[in-house]
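Engineer: Mind having a look at this structure? Questions to follow.
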Amino acid sequence: MSEPRGPYVLGLETSCDETAAAVLDGDNRILGHVILSQDDHEIYGGVIPELAARAHLQKIDSVVDETLSRAGLTLDRIDVVGVTAGPGLIGALLVGVCWAKAVAFALDRPFVAVHHMEAHLFAPSLENPDAEPPFIALLVSGGHTMLLHVLAWGEYVLLGETRDDAAGEAFDKVAKLLDLPYPGGPEIQRLAEAGERTRHRLPRPMLRRNQRPGDPGYYDFSFSGLKTATVELVRGLKADGVLAPQRPNVAAAFQEAAIDVLATKTLRAVADTGCRRVLIGGGVSANQRLRDELELRLKGEGTLFFSSPRLAADNGAMVARAARFRFDEGGATPPDLSASAGFVFPGLVRGVA
Amino acid sequence: MVFDPESFYLGFDTSGSTGSVAVAQGADVLARATLGESREHASTLVPAIAGVLEEAGIDRGEVSGVVVGEGPGSFTGVRVAAATAKGLAHALDCPIWAISSLVAAALSVEGSGIRYMLFDARGDRVYGACYGIGGIGVETIVPPHGGALRDVLDGAMPPGAVFFGEGAGRHRHAIEGAGFPVAAGPVPQPSADGLFRYLALHPDASPVEAVALWEPRYIREWQPDKAWSA
């Protein structure tokens, strides 16, 4: 491996409950990478925005120091400071944005605001040089569910998104229902492994009546109905006094329904665009059943790109990579930019493939 | 680390509806700026810092320390100042002096006397602190705390105290009804001038021990059931 060279990009991520930082070198290699997960939300079964913001402020300096120390760099060697400016929890985002703006100003370096979901698109490319556009991207996390046709970096066609809950949110809520700890995704997957997928049947929202391109919800998702149906199923099993032995079956039935919807919509996009390259990103992309199902449906005639767990979840490396792209495209972000829960996805157009 | 009368310092407070930024040599303010609209503080703070440095003709690399209003106030506003202060101090490798936003407000209007500062904390709740302000120093008579206005009015009141601040204006009726005076004139806001005035009176104040671990003083905990443990 050649010697690292600049520009060195620091990426910061504080949009939800992970305080994360990473440094990339000029060839987009990860020199330092730290993710600190806030564990204080476990007691509440979900992220408490005010606690998340306080924890980010408490940890951000230490997380960056550890990242720099792993990279073997000091802060003044950083050439570009990138940070997630949205979407996400506004109080949490503001910590990263204010800190990053202050550091960039003090060092007289460019500050670059990054869209959290654009950053997720870049994550697999940090580990696999082939994970470049064009591809169909399924971004699934605790806050978002989006289906995109990525024509090139910076050219994104939004095919569909969730109309209510995000996929990851549904996993978290069902986990809570089954008395599993937060975050729920990995717990549901583990419990489902011991269950029968077909023991209970749960609905697949937005599949049956939206089967043709042009149907109103052809590419869109909805998870709140599935969640409600799962609540009903659990209530019934509890009333019959058989919930305990049925928990793995409930987890498996829920996971199957959610993954069936995600995979079906993704494969619709593959069929309609003719693009057989699929990228999955976001926390739920770490779900093994989702990966297996997509591989199966691509029937060996396509390519599935995904990240290792540390880059599938929220992290600073993807933010640094997206910041590098945005900096090369358009230079620094003006210093009067603030964080925004509704930060606009740059280069995104709504459309049909 | 000592507050040095010859060195340059940045001071700011964004805990309230009006934010404030200044650059000073020692405690002598060289240039200042006011930030409007509280929702915009995160946008306007860094450009305002750049503006006061330029106005004073000081390079960012010459800044020897950051003086920040540590709250209480709007949680988000307090964090905007705190995150900015931590980023600046980290990158400039300089200390932070964290000073109560309540005393920064108490010192933002001229004069002396016993000032009971109140910030509005929604509903019937307030953040408060009482200071004795004289020519040679500030004495903290009642340290920063949070709670129901009623508890302040029913508590032991320092003789001669006059109520000041946004919270005093909002609850003027109740305070005067309880037999206490509310200051007339402009409502004092936590200001960078107030922060530097505090350091002029107390140049021996210590900076925060570890910048990386420092947190502002929110006073109020998040959990509603154990809110208001100061």
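Engineer: Could you please give the count of residues in segment B:65-80 that are in contact with a Gly (Cβ under 6 Å, 6 or more places away or on another chain) and surrounded by 24 or more Cβ atoms within 10 Å (Cβ to Cβ)? Walk me through how you get there before you give the answer.
Structural biologist: So the first thing to find is which residues in segment B:65-80 are in contact with a Gly (Cβ under 6 Å, 6 or more places away or on another chain), and the list is B:67, B:73, B:76, B:78.
In the following step, the residues that additionally are surrounded by 24 or more Cβ atoms within 10 Å (Cβ to Cβ) were identified as B:67, B:73, B:78.
Qualifying residue count for the region: 3.
Engineer: Kindly provide the set of residues from segment A:115-158 that are within 15 Å of A:F325 (Cβ to Cβ) and of a type in the set (D, E, K, R), ordered by number.
Structural biologist: A:E118, A:E132, A:E155
Engineer: Follow-up question, since we're still on this one. Any idea which of (1) surrounded by fewer than 21 Cβ atoms within 10 Å (Cβ to Cβ); (2) in contact (Cβ under 8 Å) with a residue 60 or more places away in the chain; (3) in contact with a His (Cβ under 9 Å, 6 or more places away or on another chain) is the one A:G86 doesn't satisfy?
Structural biologist: (1)
Engineer: Suppose we filter segment A:2-43 for residues that are in contact (Cβ under 8 Å) with a residue 24 or more places away in the chain, in a loop (DSSP other than H, G, I, E, B) and not charged (D, E, K, R); how many remain?
Structural biologist: Step one: filter segment A:2-43 for residues in contact (Cβ under 8 Å) with a residue 24 or more places away in the chain, giving A:2, A:4, A:6-24, A:27-36, A:41-42.
Of the ones still in play, those that are also in a loop (DSSP other than H, G, I, E, B) are A:2, A:4, A:6-8, A:14-17, A:27-29, A:41.
Filter once more, keeping what is not charged (D, E, K, R): A:2, A:4, A:6-8, A:14-16, A:28, A:41.
Adding up the residues that qualify gives 10.
Engineer: I would also like to ask the following. Looking at A:D292, A:D272, A:D336, A:D328 in this structure, which one is surrounded by fewer than 23 Cβ atoms within 10 Å (Cβ to Cβ) and within 14 Å of chain B (Cβ to nearest Cβ)? Even if it seems obvious, please write down each step before you answer.
Structural biologist: Working: A:D292 fails: within 14 Å of chain B (Cβ to nearest Cβ); A:D272 fails: within 14 Å of chain B (Cβ to nearest Cβ); A:D328 fails: within 14 Å of chain B (Cβ to nearest Cβ).
Testing whether each residue is surrounded by fewer than 23 Cβ atoms within 10 Å (Cβ to Cβ) and within 14 Å of chain B (Cβ to nearest Cβ) leaves just A:D336.
Engineer: Restricting attention to segment A:49-106, report how many residues are part of a helix (DSSP H, G or I), acidic (D, E) and more than 9 Å from every other protein chain (Cβ to nearest Cβ). Lay out the reasoning, then the answer.
Structural biologist: Applying the first criterion (part of a helix (DSSP H, G or I)) to segment A:49-106 yields A:49-71, A:75-77, A:90-106.
Add one more test, that the residue is acidic (D, E), and what stays is A:50, A:61, A:65-66, A:76.
Narrowing the set further to residues that are more than 9 Å from every other protein chain (Cβ to nearest Cβ) leaves A:66.
The total comes to 1.
Engineer: Find all pairs meeting these conditions: Cβ atoms under 9 angstrom apart; at least six residues apart or on different chains; first residue within segment B:102-122 and more than 18 Å from B:D13 (Cβ to Cβ); second residue hydroxyl-bearing (S, T, Y).
Structural biologist: B:I114/B:Y131; B:Y116/B:Y131
Engineer: Return yes when A:V250 is touching a Phe, Trp or Tyr at 6+ places or on another chain (Cβ under 8 Å), within 30 Å of A:D17 (Cβ to Cβ), assigned to a helix (DSSP H, G or I) and assigned by TED's automatic domain parsing to the domain that holds A:L178 and no when it is not. Please lay out each step first, then the result.
Structural biologist: Details: touching a Phe, Trp or Tyr at 6+ places or on another chain (Cβ under 8 Å): no; within 30 Å of A:D17 (Cβ to Cβ): yes; assigned to a helix (DSSP H, G or I): yes; assigned by TED's automatic domain parsing to the domain that holds A:L178: yes.
Criteria not met by A:V250.
Engineer: Considering only segment B:175-195, how many residues are aromatic (F, W, Y) and either on the phi > 0 side of the Ramachandran plot or in a helix (DSSP H, G or I) (or both)?
Structural biologist: Just the residues of segment B:175-195 that are aromatic (F, W, Y), to begin with: B:180.
If we keep only those that are either on the phi > 0 side of the Ramachandran plot or in a helix (DSSP H, G or I) (or both) as well, we get none.
Going through segment B:175-195 one residue at a time, the tally reaches 0.
Engineer: Would you confirm whether or not segment A:298-321 contains a residue that is of a type in the set (A, V, I, L, M) and without any contact (Cβ under 8 Å) to a residue 40 or more places away in the chain? Can you show your working first?
Structural biologist: The first filter runs over segment A:298-321 and keeps only residues of a type in the set (A, V, I, L, M), leaving A:298, A:304, A:311-313, A:317-320.
In the following step, the residues that additionally are without any contact (Cβ under 8 Å) to a residue 40 or more places away in the chain were identified as A:298, A:304.
Scanning segment A:298-321, I find at least one residue that is of a type in the set (A, V, I, L, M) and without any contact (Cβ under 8 Å) to a residue 40 or more places away in the chain, so the answer is yes.
Engineer: Applying the selection to segment B:79-130, what residues are of a type in the set (D, E, K, R) and under 13 Å from B:G146 (Cα atoms)?
Structural biologist: Going through segment B:79-130, the residues of a type in the set (D, E, K, R) turn out to be B:79, B:86, B:93, B:110, B:115, B:120, B:122, B:124-125.
Of everything in segment B:79-130, those that are of a type in the set (D, E, K, R) and under 13 Å from B:G146 (Cα atoms) turn out to be B:D120, B:R122, B:D124, B:R125.
This table checks each residue for (1) out of contact with any helix residue (DSSP H, G or I) (no Cβ under 7 Å at 6 or more places or on another chain); (2) closer than 18 Å to A:A102 by Cβ.
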residue: A:P49; (1), (2): no, no
residue: A:A53; (1), (2): no, yes
residue: A:H56; (1), (2): no, yes
residue: A:I60; (1), (2): no, yes
residue: A:V64; (1), (2): yes, yes
residue: A:D76; (1), (2): no, yes
residue: A:V80; (1), (2): no, yes
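Engineer: Of the conditions (1) touching an Asp or Glu at 6+ places or on another chain (Cβ under 7 Å); (2) of a type in the set (K, R); (3) surrounded by fewer than 24 Cβ atoms within 10 Å (Cβ to Cβ), B:R122 clears all except one; give me its number.
Structural biologist: It fails just one condition, (1).
Engineer: Quick check on segment B:205-216. Is at least one of its residues in contact (Cβ under 8 Å) with a residue 60 or more places away in the chain, exposed (fewer than 14 other Cβ atoms within 10 Å of the Cβ), of a type in the set (D, E, K, R) and part of a loop (DSSP other than H, G, I, E, B)?
Structural biologist: no
Conditions (1) part of a helix (DSSP H, G or I); (2) within 25 Å of B:F119 (Cα to Cα), marked per residue:
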| residue | (1), (2) |
| --- | --- |
| B:S17 | no, yes |
| B:A22 | no, yes |
| B:A31 | no, no |
| B:T34 | no, yes |
| B:L45 | yes, yes |
| B:I58 | no, no |
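Engineer: Let me ask another. Report yes if some residue within segment A:317-324 is surrounded by 16 or more Cβ atoms within 10 Å (Cβ to Cβ), assigned by TED's automatic domain parsing to the domain that holds A:R209 and in contact with a strand residue (DSSP E or B) (Cβ under 6 Å, 6 or more places away or on another chain); otherwise report no.
Structural biologist: Here is the first cut: in segment A:317-324, the ones surrounded by 16 or more Cβ atoms within 10 Å (Cβ to Cβ) are A:317-324.
With the extra rule that they be assigned by TED's automatic domain parsing to the domain that holds A:R209, the set shrinks to none.
No: segment A:317-324 contains no residue that is surrounded by 16 or more Cβ atoms within 10 Å (Cβ to Cβ), assigned by TED's automatic domain parsing to the domain that holds A:R209 and in contact with a strand residue (DSSP E or B) (Cβ under 6 Å, 6 or more places away or on another chain).
So that you can scan it fast, the table gives a plain yes or no per residue for (1) of a type in the set (K, R); (2) touching a residue at least 40 places away in the same chain (Cβ under 8 Å); (3) not assigned by TED's automatic domain parsing to the domain that holds A:L36:
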site: A:D61; (1), (2), (3): no, no, no
site: A:T74; (1), (2), (3): no, no, no
site: A:G91; (1), (2), (3): no, yes, no
site: A:V97; (1), (2), (3): no, yes, no
site: A:K101; (1), (2), (3): yes, yes, no
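Engineer: Given the options B:A89, B:A42, name the one that is buried (at least 22 other Cβ atoms within 10 Å of the Cβ), at the interface with chain A (Cβ under 9 Å from one of its Cβ atoms) and under 18 Å from the mean Cα position of the chain (by Cα).
Structural biologist: On the way: B:A89 fails: under 18 Å from the mean Cα position of the chain (by Cα).
One residue alone meets the criteria, B:A42.
The values are calculated or read from the model by the stated rules, or taken from the named source; none is laboratory data. Owing to the predicted nature of the structure, the values given are computational and were not obtained by experimental measurement. Note that we place each Cβ from the backbone using ideal geometry, even for glycine, and neighbour counts take in every protein chain shown.
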